[in-house]
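The values are calculated or read from the model by the stated rules, or taken from the named source; none is laboratory data. Just so it is clear, the model here is predicted, and its values are computed rather than measured. Glycine also receives a Cβ, built like all others from the backbone with ideal geometry; neighbour counts cover every protein chain displayed. SASA here: full protein model, heavy atoms, side chains in, ligands and nucleic acids out. Shrake-Rupley method; radii C 1.70, N 1.55, O 1.52, S 1.80 Å.
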Amino acid sequence: MSACGPDHTPDWLGNGCGETVVDTDGDLVPLSACVNIPDTCDKRYDPVCGCDGVVYDNECYARAAEVDVDAFGGCDVPEGLFPCGYRFCDPETSYCKVSLSTLYPDTFPEYGIFNCRPYPAACAGAAECECLVDEPCAELGCENAQPGLTLTCPAE
């Protein structure tokens, strides 16, 4: 049983694995919410890195194990994929889109929302930053760190 009580587990702000703290009147306080532990999970494979260093098939399986996802990675990257925050993307079919967080941007600018997005048709045959030019916020920064592309956007 977690500190949240029966049938609940912590969901750390920014997926910081308990490292997230905010100064409130001189005290540093870890920030988390308590969320339900799921009874069942779908079998969709969308791998995520857990705060315990284990790769789970998707966020639901991590939550069922009472583990939050780790925004900083820290897991071994599954073969054929590349890291996208706490997710892992397939460089053949998708790029990593990072939407920066608006929560405490001065204190925790590295937190964000991470998603594997399918390549647009312009990327057929050659996944380079240039093929993402028509994607929202492409002008703000694309990184071609083989084996995958990462597009960083302001918070949505």
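Answer with yes or no whether L81 is surrounded by 21 or more Cβ atoms within 10 Å (Cβ to Cβ) and at pLDDT 80 or above.
Answer is no for this residue.
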Looking at (1) modelled with pLDDT under 90; (2) assigned to a loop (DSSP other than H, G, I, E, B); (3) open to solvent by 60 Å² or more (accessible area, probe 1.4 Å), which is the one condition that is false for T40? (1)
Just to be sure, is P47 out of contact with any Cys (no Cβ under 8 Å at 6 or more places or on another chain), at pLDDT 90 or above and open to solvent by less than 20 Å² (accessible area, probe 1.4 Å)? yes
So, V98, is that one in a loop (DSSP other than H, G, I, E, B), at pLDDT 85 or above, open to solvent by less than 70 Å² (accessible area, probe 1.4 Å) and of a type outside the set (D, E, K, R) or not? no
Filtering the range 128-142 for residues that are of a type in the set (A, V, I, L, M), over 20 Å from the mean Cα position of the chain (by Cα) and open to solvent by less than 30 Å² (accessible area, probe 1.4 Å) leaves a count of 1
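If I filter the range 55-68 down to residues being of a type outside the set (S, T, Y) and within 15 Å of L81 (Cβ to Cβ), which single residue comes out as surrounded by the fewest Cβ atoms within 10 Å (Cβ to Cβ)?
D57
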